[in-house]
Structures are given as C-alpha cells and as structure tokens.
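*Asks:* Below is one structure. I have some questions about it.
The values are calculated or read from the model by the stated rules, or taken from the named source; none is laboratory data. The model shown is predicted, which means the values in this text are computed figures rather than measured ones. Using ideal geometry, Cβ is built from the backbone for each residue, glycine included, and neighbour counts are taken over all protein chains shown.
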Amino acid sequence: MIEEDISEGINRKIEDIQKKVLSGKITLLDFELVPLFEVIKNSLNVYNLNKYSKTYKDACGLLIQKFDELKNLLSSLDTQQKFSEYLKSNPDDLEIFKLLKGCWRETFNIDGLSLEFLEFSKKKLCIDRGSPITIEHLEKLKTKNDFLLEIPKYKFTEKMTEYFNTIKERLPCSFNDIFEDEHAQEKIYENFVYLLHLIQLGKIKYQKVTNTLYI
C-alpha cells in the first residue's frame, strides 16, 4: 500500500518558516525543528524518496541556519563578557578612544553650529545686561486748555442729541460711512464718542455681522 504523499505540505511549511525568519517575526533559536524532521522521517518511503530529497535539503538548510544563529549568539555573549571585563580594568580615556574610533562615521560640520560658534554665542549671552528697565507712572499734569469733551453734562447731552439729529436720516448705513464726511481727526473722535453713547442708550443699534448702524 502506497502511503499518502505530503511533501508539498511540508515544503509550504518550510517556506512559511523561512518567510517569518526573514521578516523578523521569529528566530530559529525559538523554533523547534525536531517535529518537522519527525514528519519527514515518518512519511518517507521508497516510493517518494526522489520527491522528498528537496524537502529534506530545505529542512537541513533551516537546521544549518539555526546552528549559525546559535554560534552568533554565543560569540556575542563572549564578546560582551570580554568587553565588560576590559572596562572593569579601568582603561584610560585615550585607550578607549582608540578602541572605539572606527565604530562610527566621521561627523559632518556646519559653520553655524560649530563649537567655535557656540562658544562665541555663549559668551555673548552671558554678558551682564544691567538692571532691568522699570516703568514709572507719570503724574497727571493740569493744562490751561480743557480736554475736547470735558464739558458740563447737560452740554454733552445737548451736543450728542444735535449729532443724533444730523445722522438719523442717513440710517441705516455702514459704520464706516457715518464718518465719511469728516476729515478732522478731533471731530471724528468727538462724533465717535457721541455714537458710542447713543448705542449704549439704545437710540442707535449696531449689527456686528453686517457692520451696520440702524434705528
């Protein structure tokens, strides 16, 4: 009776193991190969000997690769132990520099980040700047001329009402357009104050979205 040929299934399993090793998902040191060889041994017979030769060769390739990983691990452990013992011997700085000199590439240099530039910048930043500037409040001085809007309350109301009567026929209009006929800065400021009071009193309304004044 000829037993079932399962060499194709074994080949796919070997390929899957190789892909996982190459991608770094597993290492052969963590993978048990004995069950794989057991399957090959139990399914091998005189009828499929030629077909199984490649399967056996690929399986042996995994085994050789596993031995290589083991040798590299042992070599690495031995190197780490030797280096640790070397550092415990307290070598001087020059000796360590010569040992590690070839372990990295030469660094590139940028003038704007050179050691000389950084030292120069450090010296400039460390210069004493003196005491910080203090801000003092000025005393209010009395002047001969009164401020533009420093007028009696009843006079202010009278002027504000007069201003309202001159512009109410133009409303609604843009906030900016209400000042288009004025060119003197002092007059613009005076009318602006009147306008703010009129808005506050509710005599004039302001729509922020459209920047419009209306009654």
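*Asks:* Filter the stretch 30-42 down to the residues that are in a helix (DSSP H, G or I) and surrounded by 13 or more Cβ atoms within 10 Å (Cβ to Cβ), then identify the one that is nearest to the chain's Cα centre (by Cα).
*Replies:* Going through the qualifying residues, I end up with Leu36.
*Asks:* Do we find that Leu100 is loosely packed, with under 10 Cβ neighbours inside 10 Å, assigned to a helix (DSSP H, G or I), within 44 Å of the chain's Cα centre (by Cα) and modelled with pLDDT under 70 in this structure?
*Replies:* yes
*Asks:* Now a separate question. Looking only at residues in the stretch 1-14 that are loosely packed, with under 11 Cβ neighbours inside 10 Å and assigned to a helix (DSSP H, G or I), which one is modelled with the highest pLDDT? Please lay out each step first, then the result.
*Replies:* Restricting attention to the stretch 1-14, the residues satisfying the condition of being loosely packed, with under 11 Cβ neighbours inside 10 Å are 1-2, 4, 8, 12.
Restricting the remaining residues to those that are assigned to a helix (DSSP H, G or I) gives 8, 12.
Numbers: Glu8: 82, Arg12: 87.
Among them, the one singled out is Arg12.
*Asks:* While we're looking at this one, here's another question. Quickly run through the stretch 44-66 and pick out the residues that are modelled with pLDDT under 85, part of a helix (DSSP H, G or I) and farther than 12 Å from Asn11 by Cα.
*Replies:* Of everything in the stretch 44-66, those that are modelled with pLDDT under 85, part of a helix (DSSP H, G or I) and farther than 12 Å from Asn11 by Cα turn out to be Leu49, Asn50.
*Asks:* Can I ask one more? So, Asn45, is that one in contact (Cβ under 8 Å) with a residue 12 or more places away in the chain and either of a type in the set (Gly, Ala, Ser) or loosely packed, with under 13 Cβ neighbours inside 10 Å (or both) or not?
*Replies:* On the way: in contact (Cβ under 8 Å) with a residue 12 or more places away in the chain: yes; either of a type in the set (Gly, Ala, Ser) or loosely packed, with under 13 Cβ neighbours inside 10 Å (or both): yes.
When the stated conditions are applied, Asn45 passes them.
*Asks:* Continuing with this model, one more query. Please go through the stretch 171-194 and pick out each residue that is out of contact with any helix residue (DSSP H, G or I) (no Cβ under 7 Å at 6 or more places or on another chain) and either closer than 15 Å to Thr212 by Cβ or of a type in the set (A, V, I, L, M) (or both).
*Replies:* Leu171, Pro172, Cys173, Ser174, Phe175, Asn176, Asp177, Glu180, Ala184, Val193, listed by residue number.
Okay, residues lined up against (1) assigned to a loop (DSSP other than H, G, I, E, B); (2) at pLDDT 90 or above:
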{"site": "Phe156", "(1), (2)": "no, no"}
{"site": "Phe164", "(1), (2)": "no, yes"}
{"site": "Ile178", "(1), (2)": "no, no"}
{"site": "His183", "(1), (2)": "yes, no"}
{"site": "Ile188", "(1), (2)": "no, no"}
{"site": "Phe192", "(1), (2)": "no, no"}
{"site": "Val209", "(1), (2)": "yes, no"}
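*Asks:* Give the residue that is nearest to the chain's Cα centre (by Cα), with candidates limited to residues of the stretch 18-29 that are over 15 Å from Asp68 (Cβ atoms) and not in a loop (DSSP other than H, G, I, E, B).
*Replies:* Step by step, filter the stretch 18-29, then rank; the result is Lys20.
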